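Have a look at the structure below, then the notes.
The values are calculated or read from the model by the stated rules, or taken from the named source; none is laboratory data. Predicted model only: the values in this text are computed from it and were never measured. Neighbour counts run over all protein chains shown; Cβ positions are idealised from the backbone, glycine included.
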Amino acid sequence: MADSSSTASSTAAFVADSSSTTSSTAASTTAKSRETRSWADEADEIDQTEQSENASAETEIGSLQIDESKRVNNSTLDDPEDSRIEAVTSGDTLYKSAKRFEDLNLSPELLKGLYVEMKFERPSKIQEISLPMILTPPYKNLIAQAHNGSGKTTCFVLGMLSRVDPKLRAPQALCICPTRELAIQNMEVLLKMGKFTGITSELAIPADAANYIPISKRPPVSAQVVIGTPGTINKWVTARKLGMSCMKILVFDEADHMLAESGFQDDSIRIMKAIVKASVGCQVLLFSATFGESVKAFVTKIVRDLFVKDYNQMFVKKEELSLDSVKQYKVQCPDELSKVMVIKDKILELGQKVGQTIIFVRTRNSASMLHTSLVDYGYEVTTIQGALKQEDRDKIIKEFKEGLTQVLISTDLLARGFDQSQVNLVVNYDLPVRHESPSEPDHEVYLHRIGRAGRFGRKGAIFNLLCDDRDNMLMSKIENHFNSQVTEIASWKSEEDFENALKKAGLL
DNA sequence: AAAAAAC
């Protein structure tokens, strides 16, 4: 269905090299000789002095040419996560950070997509570091952590689009996401960025009842890029409708969750094994804002066991993961009812002036309860959760993204990845807890929830509503874990306190 | 008595 070929005008002679090699003997010079690109001359006019300086300094350690002392006085200072990412490369492949998209040997069609459609000017920090690692042969696996709203999607979408051979009509890139909404959102980015490339794509999510066609009656997927959710992808693979033999690049969005035992571990491993079985040398990219210690260990192990041994990685310390541009608050509420009062009298009243709001709740049930009481009080809110029909989910997302609705109540369905720049306020109606041990907070989900505000360095405010000792215990554990300060609102009844809070957050 | 994703 989703197919960008309507605008096809592919003239690029992009010859992707999928020959995989475990021995990382290729130096940076091999990168150019491996491929024939008509625009190579232009891409060569990089800062020669910086390159040679870096190369000599870093060859032995084999780490990335990102030098903290150097980065301070370059031109990307407004980057919110500047200098907080630590990158480690394996082997002796040299990478030079990409200050401009021109540094990446991208096809003219892709560059046009970046500048004209996406309206990007230059790579963000994570893009600057990770894109050379993704796009330079030999194509190594990458485990990449970066802050919420820092542009991870662009990294892997660009990776997929540039690794695909436009002349080969077979699936070559696969992206797996934890929710249908995220798969759809990523597809939208792919279509936009790849608008001029003629590269074809298809969404692998369950079809709604109206357009349902039994899997056995469907033709095999011929689209070059497939983005979807694990269940449907596995279903297609099992039915032999999704061939893996030409797969060049496999992307896990929200990789920590996709590979966690409590997440989609089984499904993900099945997909990986299908690829390992069918193809040679598929590059694997794992992206997330969070990689908890235990999942990090597992993730690196699984990549090493199933795919090529050496891989590049970039991680952020958990203490440096909270976004500086987003101010976090906690509100002591005497009981459940006062939580609703705080939301309707304080947060929603003021929130109207500052942008859109997402209210997170723990269960589907409390989502509908909160929805009903806010609607009863005369507020216009919409609610999304997994029990809704897909068409309703789509409609609610569409309305919110178009700005037709201001306030959205959600379960953790939207905790990860949902990108809407106008969201300035996030409310935790209740705090996220671990399913296995409900007395423990889910730090990762907390970070993802608050990351729905403050996209790309924008200002934002978070209100955590607490009403008993348990809530306060969870909150202080979260504060300790991220070493981030959560300011207490003096009185839940004081309109002035909330107004000042928003002013301090830079929103009023 | 959880969210999500699959029949």
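Is it the case, given these coordinates, that A:Glu440 is over 24 Å from A:Gly151 (Cβ atoms), within 12 Å of DNA strand B (Cβ to nearest atom) and surrounded by fewer than 15 Cβ atoms within 10 Å (Cβ to Cβ)?
yes
Against the condition basic (Lys, Arg), more than 16 Å from DNA strand B (Cβ to nearest atom) and over 12 Å from the mean Cα position of the chain (by Cα), how does A:Arg169 come out, does it pass?
Yes: the conditions hold for A:Arg169.
From the residues in the stretch A:390-437 that are away from DNA strand B (no atom under 13 Å from the Cβ) and among the small types (Gly, Ala, Ser), which one is surrounded by the most Cβ atoms within 10 Å (Cβ to Cβ)?
The qualifying residue surrounded by the most Cβ atoms within 10 Å (Cβ to Cβ) is A:Ser421.
Scan A:Met258, A:Met244 and give me the residue that is under 23 Å from A:Pro219 (Cα atoms) and either in the same structural domain as A:Lys152 (by the TED database) or in contact (Cβ under 8 Å) with a residue 60 or more places away in the chain (or both).
None of the other options fit; the residue is A:Met244.
Do any strands (runs of 3 or more DSSP E) entirely within the stretch A:224-341 hold 1 or more residues that are within 15 Å of DNA strand B (Cβ to nearest atom) and within 22 Å of A:Cys177 (Cα to Cα), and if so, which?
A:225-228, A:249-253, A:283-288
When only residues in the stretch A:443-467 that are in a loop (DSSP other than H, G, I, E, B) and more than 16 Å from DNA strand B (Cβ to nearest atom) count, which is surrounded by the fewest Cβ atoms within 10 Å (Cβ to Cβ)?
Looking at the filtered set, the residue picked out is A:Lys459.
Just a yes or no: is a residue in the stretch A:328-337 surrounded by 16 or more Cβ atoms within 10 Å (Cβ to Cβ) and under 22 Å from the mean Cα position of the chain (by Cα)?
yes
Report the residue count in the stretch A:108-139 for those that are in contact with a helix residue (DSSP H, G or I) (Cβ under 7 Å, 6 or more places away or on another chain), assigned to a loop (DSSP other than H, G, I, E, B) and in contact (Cβ under 8 Å) with a residue 60 or more places away in the chain.
Total meeting the criteria: 3.
Can you work out which of the residues in the stretch A:367-387 that are crowded, with 16+ Cβ neighbours inside 10 Å and within 8 Å of DNA strand B (Cβ to nearest atom) is nearest to A:Glu336 (Cα to Cα)?
This residue is A:Ala367.
Scan the stretch A:473-508 for residues that are without any contact (Cβ under 8 Å) to a residue 40 or more places away in the chain and part of a helix (DSSP H, G or I) and jot them down.
Of everything in the stretch A:473-508, those that are without any contact (Cβ under 8 Å) to a residue 40 or more places away in the chain and part of a helix (DSSP H, G or I) turn out to be A:Met473, A:Ser476, A:Lys477, A:Glu479, A:Asn480, A:Glu496, A:Asp497, A:Asn500, A:Lys503.
Could you list, in sequence order, all residues of the stretch A:212-223 that are touching a residue at least 12 places away in the same chain (Cβ under 8 Å) and either among the hydroxyl-bearing types (Ser, Thr, Tyr) or within 13 Å of DNA strand B (Cβ to nearest atom) (or both)?
If the condition is that a residue be touching a residue at least 12 places away in the same chain (Cβ under 8 Å) and either among the hydroxyl-bearing types (Ser, Thr, Tyr) or within 13 Å of DNA strand B (Cβ to nearest atom) (or both), then A:Ile215, A:Ser216, A:Arg218, A:Ser222 are the ones that fit.
Being at positive phi and buried (at least 21 other Cβ atoms within 10 Å of the Cβ): is that true of A:Glu254 here?
yes
Just name the residue that is nearest to DNA strand B (Cβ to nearest atom) out of those in the stretch A:190-209 that are crowded, with 22+ Cβ neighbours inside 10 Å and in a helix (DSSP H, G or I).
A:Leu190
Go through the stretch A:356-400 and count every residue that is in contact (Cβ under 8 Å) with a residue 60 or more places away in the chain, farther than 25 Å from A:Glu188 by Cβ and of a type in the set (A, V, I, L, M, F, W, C).
The number of residues fulfilling the criteria is 1.
Restricting the stretch A:276-296 to residues that are modelled with pLDDT of 90 or more and among the aliphatic types (A, V, I, L, M), which is nearest to A:Gly159 (Cα to Cα)?
A:Leu285
Residues of the stretch A:277-302 being within 17 Å of the chain's Cα centre (by Cα) and of a type in the set (Gly, Ala, Ser), which ones?
Residues satisfying the conditions are A:Ser288, A:Ala289, A:Gly292.
Just wondering, is there one or more residues in the stretch A:346-360 that are surrounded by fewer than 16 Cβ atoms within 10 Å (Cβ to Cβ) and touching a strand residue (DSSP E or B) at 6+ places or on another chain (Cβ under 8 Å)?
Looking for residues that are surrounded by fewer than 16 Cβ atoms within 10 Å (Cβ to Cβ) and touching a strand residue (DSSP E or B) at 6+ places or on another chain (Cβ under 8 Å), one finds none in the stretch A:346-360, hence no.
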